[in-house]
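Asker: The structure is given below, and queries will be raised subsequently.
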Amino acid sequence: MVGSTPRLGRVCTVVIDVAEPGGSRLLAIRDEDPERAWDPLGAWWPERYPGVIGIRDRRAGGAWLAADRSAGRLAVLLNRADTLDLPEDQVLSRGSLALESVAGRSPTAPLRMHGFNLLEVGPDAARVLSWDGERLSETPVPTGVHMIAHDGLDDPATARIARWLPEFRAHAAESDDWEAEWVEVLAASAALDPTDDAAIIRDNRPHGYPTQSLLYCLAAIGHTGLDVREADLAAPGHWSRPGD
């Protein structure tokens with residue numbers, strides 16, 4: 001519908017720790033319709049994006065998360081509401097955004113796409129590019145631990161951020177085992193019902209959306225390299241550890 005704000009399934013969550021003088025670590029949780037086919041972390045675009053790995057959406061061919069180890073770049077795409085004034089048959093997929101980003105080509109306005117937050121992470125800095133259908137804005141991610149979902153960085157009105165950001169911050173300081181500690185926070189968050197607004201592991205079906213949490217990725221980005229790993233949930237919308 002032209003000029004309308006699309007319904008949004010409160011999808012995806014990212015936690016990022018930006019260190020000083022350089023390097024970042026990241027936890028990204030993907031929410032999507034389980035019926036929408038996808039491929040795990042891999043090099044699915046060898047001709048167009050050589051050296052790039054990502055989690056591929058089979059339907060559109062794009063990526064939710066993409067990384068280029070040699071360039072030290074990683075990008076994650078999160079949906080957000082918008083007021084895009086275009087018929088749906090003229091709207092372009094957002095699936096190319098993360099791939100283009102790690103290839104060194106960030107989006108520029110105007111865009112024939114629905115709203116998004118695009119988190120771009122490099123060895124020296126991180127930023128969020130946000131598109132609301134009319135304006136593309138940039139938010140540098142400061143040093144420290146931050147969260148982003150379907151609205152602004154560290155948005156206090158986003159229930160899961162208000163509830164869990166202090167917990168992630170408390171388990172980040174100079175920890176050599178940050179991955180295990182953040183996964184423990186994620187596991188603790190799953191004590192909430194997946195339909196709770198403060199839940200990170202989500203089941204949005206009762207809210208009228210088909211999206212559920214499907215997987216999470218852990219990544220470290222710095223001058224010495226880039227490492228990213230995927231862990232799938234055994235059942236959509238329900239917490240499980242790898243191998244469970």
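Asker: Looking at (1) exposed (fewer than 13 other Cβ atoms within 10 Å of the Cβ); (2) over 24 Å from residue 241 (Cβ atoms); (3) modelled with pLDDT under 95, find the lone condition where residue 150 falls short.
Answerer: (1)
Asker: While we're on this one: I'm trying to understand the selection: among the residues of the stretch 213-228, which are under 14 Å from the mean Cα position of the chain (by Cα) and not β-branched (Val, Ile, Thr)?
Answerer: 213, 214, 215, 216, 217, 218, 219
Asker: Does any residue of the stretch 179-191 turn out to be surrounded by 14 or more Cβ atoms within 10 Å (Cβ to Cβ), under 18 Å from residue 55 (Cα atoms) and not acidic (Asp, Glu)?
Answerer: no
Asker: Any idea how many residues of the stretch 41-100 are part of a loop (DSSP other than H, G, I, E, B), surrounded by 14 or more Cβ atoms within 10 Å (Cβ to Cβ) and free of Cβ contacts under 8 Å to residues at least 24 places away in the same chain?
Answerer: Final tally of qualifying residues: 3.
Asker: Please determine whether any residue of the stretch 206-218 is in contact with a Gly (Cβ under 8 Å, 6 or more places away or on another chain), surrounded by fewer than 18 Cβ atoms within 10 Å (Cβ to Cβ) and either closer than 24 Å to residue 69 by Cβ or among the aromatic types (Phe, Trp, Tyr) (or both).
Answerer: yes
Asker: How about the stretch 219-239: which of its residues are surrounded by fewer than 19 Cβ atoms within 10 Å (Cβ to Cβ), at pLDDT 95 or above and assigned to a loop (DSSP other than H, G, I, E, B)?
Answerer: Answer for the stretch 219-239, where residues must be surrounded by fewer than 19 Cβ atoms within 10 Å (Cβ to Cβ), at pLDDT 95 or above and assigned to a loop (DSSP other than H, G, I, E, B): just 234.
Asker: Of all residues in the stretch 158-172, which are of a type in the set (Gly, Ala, Ser) and at pLDDT 95 or above?
Answerer: Just the residues of the stretch 158-172 that are of a type in the set (Gly, Ala, Ser), to begin with: 159, 162, 170, 172.
Matches in the stretch 158-172: 159, 162.
The values are calculated or read from the model by the stated rules, or taken from the named source; none is laboratory data. These figures come from a predicted structure and were not determined experimentally. All Cβ positions, glycine included, derive from the backbone under ideal geometry; neighbour counts span all protein chains shown.
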